[in-house]
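What follows is one structure encoded as structure tokens, with my remarks underneath.
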Amino acid sequence: MSMGGPHSEPIVRAVDVCKSFGAFQALEGITVDIPAGEVLCVIGPSGSGKSTFLRCINQLETVTAGALWVGGELVGYRRVGNKLYALSESEIARQRRKTGMVFQRLNLFPHMTALENVTEGPLRVQRRARDQVIAEAQALLARVGLAHKSDAFPIELSGGQQQRVAIARALAMRPQLMLFDEPTSALDPELVGEVLSVMRDLAASGMTMVVVTHELGFARDVSSRVIFMDQGRIVETGSPGQILLQPRHPRTREFISAVR
Ligand code: ADP
Ligand code: MG
């Protein structure tokens, strides 16, 4: 497939992506391009395949049909002539590092301070120079409003603070793309805003983001495009205004009015 010039190449290209678990099809024919700088929100009912789609992008799952490119590279395979060869584990690990992911569940390393959580990947995986990694991690913690918590352990932080450290930790790997899978769903309502505000700043900085969320206000204010998924398919794609205010498909309409 032609990928166009360097400036037109999307950060993510999914072409007819399918994922099945045994006989069950979790994703069916997902086709979407995500250009650099886009903030794409993915909404849809529980079980519609939102997490599976993110997990395919991040190679936590392997696609069963169709093709996926991240950062211009075919995910999971190398093409030699007209044959595809599965990538080795180390090559897959290298590809996965293009993507940072923040999960619904709080998943910081519990035995490490906030700062150590942020420096762990760059030091151990990327083997970057220690002084520089620490300085960058402190700057990232400041960016998420947690400069004063760098020596705190996760258990000493609120859920919102833990998610903000998780965002800093993902950014420390200098990803091309950030994936968020319902990052505020496990939080007490009063802590949601501080995490969304960090995500807003990240979006304004030009980061390419795919955000699975039920926060329709965030989708409306921050996203460039919204995808509604149901039963493993993309039912409707449009601007936030169109999807949230004038959904065309009855299933989208039903979902929006139920969430709101
Ligand atoms: P969502 O994030 O939209 O709630 P998921 O992507 O988690 O949905 O799941 C989509 C469907 O795929 C669900 O029916 C779920 O049960 C199924 N599924 C997800 N992961 C697995 C798995 N590892 N094995 C079997 N079924 C799975
Ligand atoms: Mg999910």
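Quick note: the coordinates plus some simple rules give every number you see, no bench work behind them. This is a predicted model, so every value here is computed, not measured. Neighbour counts run over all protein chains shown; Cβ positions are idealised from the backbone, glycine included.
Mind putting together the pair-distance distribution for the range 108-174? All Cα pairs, 10 Å bins, whole percent per bin, short to long.
So the P(r) values, bin by bin, are 25, 60, 15, 0.
When the C-alpha atoms of the chain are aligned to their principal axes, what extent does each axis show, in angstrom, from largest down?
50, 48, 38
Hey, can you grab everything whose amide H is under 5 Å from the amide H of THR208? Only 5+ residues off in sequence or another chain; H modelled, so Pro and N-termini drop out.
GLY37, MET178
Once you list every other residue whose beta carbon is under 13 Å from the beta carbon of GLN59, what net charge do they have if Lys and Arg are +1 and Asp and Glu are -1?
It works out to a net charge of +2.
Restricting to DSSP H runs of at least four residues, report the calculated mean residue ellipticity at 222 nm for the chain, -39500 (n - 2.57) per run over all residues, nearest 500 deg cm²/dmol.
Per the formula, -10000 deg cm²/dmol.
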